[in-house]
Amino acid sequence: MPMKQYMVIERFKPDCVEAVYERLSRKGRMLPPELHFVNSWVNKELGLCYQLMETEDSQLFSVWTQHWNDLIEFDIVPVDGSSQS
């Protein structure tokens, strides 16, 4: 199965920004081994984060988001890069 890319849109729950970055600092991203982080961007208010990720198994997102869903709401969208279109 080929590696697919996904845009993960994270919306931090109200008053959770500090908790998100504290957990990230303490525990890292907590990704399953076959779910790969590529890059990320945050908005100026630090309440919205876009992450480009890759995996062959989209089911791994449910494993990963369980570590964060108390602080973050997720939208996970499959994407094709311009070189793949």
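Each reported figure results from applying straightforward, stated rules to the coordinates on display, with no laboratory input. Predicted model only: the values in this text are computed from it and were never measured. A quick note on method: Cβ atoms are made from the backbone with ideal geometry, for glycine too, and the neighbour counts reach across all protein chains shown.
Quick notes on this one:
- Criterion (without any contact (Cβ under 8 Å) to a residue 60 or more places away in the chain, more than 12 Å from the chain's Cα centre (by Cα) and surrounded by 10 or more Cβ atoms within 10 Å (Cβ to Cβ)) met by exactly one of 52, 71: 71
- Filter result (more than 10 Å from the chain's Cα centre (by Cα) and either surrounded by fewer than 14 Cβ atoms within 10 Å (Cβ to Cβ) or within 24 Å of residue 80 (Cβ to Cβ) (or both)) within the range 39-49: 41, 42, 43, 44, 45, 46, 48
- Residue 33 being exposed (fewer than 14 other Cβ atoms within 10 Å of the Cβ) and in contact (Cβ under 8 Å) with a residue 40 or more places away in the chain: no
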